[in-house]
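Scroll down for the structure; my scribbles are underneath it.
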Amino acid sequence: MKRLFALIFAFALFLLGTNFGKTASAENWRKSEMKIEIQVTNENGTTTKLFATLAENSSAKSFAEKLKDGAIAITLNDYGNFEKVGDLPFSLPKTDTQISTDAGDLILYLGNKITIYYDKNSWNLTRLGKLDALENGTMSKADLKNVLGKGDVKAVFSLAKN
């Protein structure tokens with residue numbers, strides 16, 4: 001009986017540790033040192049430079065590795081009145097978890113689409129990072145919506161220069 005209890009206790013600790021690990025890695029972008037730059041040009045021709053901190057997960061690390069080969073230009077289309085989404089020229093590993101997004105979140109969707117959120121959503125997604133200006137309060141949700149405009153935007157993703 002003691003052995004059975006010990007086995008069940010060990011298994012519960014294993015599951016608990018696994019769950020904490022997934023949650024921590026999904027939300028651990030604040031501690032990351034991987035920084036990217038996103039140059040956004042909206043339908044009015046206004047170009048804004050944004051900076052983001054990538055998450056500490058295999059998806060974000062793979063994205064950073066791809067950016068080492070050079071900048072990636074993507075057209076982002078408005079979707080659902082809460083995000084701009086565009087096709088990546090490659091696939092990345094997914095680390096999907098049920099998350100709630102907010103303005104400034106960078107999200108990988110289906111392994112081959114990148115999204116910049118300007119409002120809230122909740123879905124099974126992979127967090128790639130967060131725009132620094134929204135995290136530190138120098139940009140509001142309304143400011144981001146202005147930067148992204150109402151139509152399609154061109155976004156150039158690159159590694160940030162130190």
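At 1.4 Å probe size, with no ligands or nucleic acids counted, give the accessible surface of PHE51 in Å², nearest ten.
Counting only protein heavy atoms, the figure is 90 Å².
Just list whichever of LYS120/LYS161; LYS66/LYS141; LYS66/LYS161; LYS49/LYS145; LYS68/LYS161 have alpha carbons separated by over 18 Å in the model shown.
Numbers: LYS120/LYS161 30 Å; LYS66/LYS141 29 Å; LYS66/LYS161 15 Å; LYS49/LYS145 14 Å; LYS68/LYS161 11 Å.
LYS120/LYS161; LYS66/LYS141, as the Cα separations exceed 18 Å there.
Sorted by accessible area with a 1.4 angstrom probe, largest first, how do SER59, SER100 fall?
On the way: SER59 0, SER100 85 Å².
Solvent-accessible surface, decreasing: SER100, SER59.
Which sequence of THR46, THR95, THR138, THR101 reflects their accessible areas, 1.4 Å probe, from the largest down? Can you show the working numbers first?
Numbers: THR46 70, THR95 50, THR138 105, THR101 5 Å².
The residues order as THR138, THR46, THR95, THR101, largest area first.
Please list 3J(HN,Hα) in residue order for segment 71-82, calculated via the Karplus relation 6.51 cos²θ - 1.76 cosθ + 1.60 where θ = phi - 60°; whole Hz, with x for glycine and proline.
5, 10, 9, 9, 8, 9, 9, 6, 9, x, 6, 8
Please report how far the C-alpha centroid of segment 31-97 lies from that of segment 102-162, rounded to the nearest whole angstrom.
Answer, in whole Å: 8.
How would GLU37, GLU65, GLU135 line up by accessible area, probe 1.4 Å, largest first? List each step's numbers first, then the result.
Values: GLU37 25, GLU65 105, GLU135 80 Å².
Accessible-area ranking of GLU37, GLU65, GLU135, largest first: GLU65, GLU135, GLU37.
The values are calculated or read from the model by the stated rules, or taken from the named source; none is laboratory data. Keep in mind that what you see is a predicted model, and the values were worked out from it rather than measured. We work out accessible area using only protein heavy atoms, side chains counted, and drop any ligands, DNA or RNA first. Shrake-Rupley method; radii C 1.70, N 1.55, O 1.52, S 1.80 Å.
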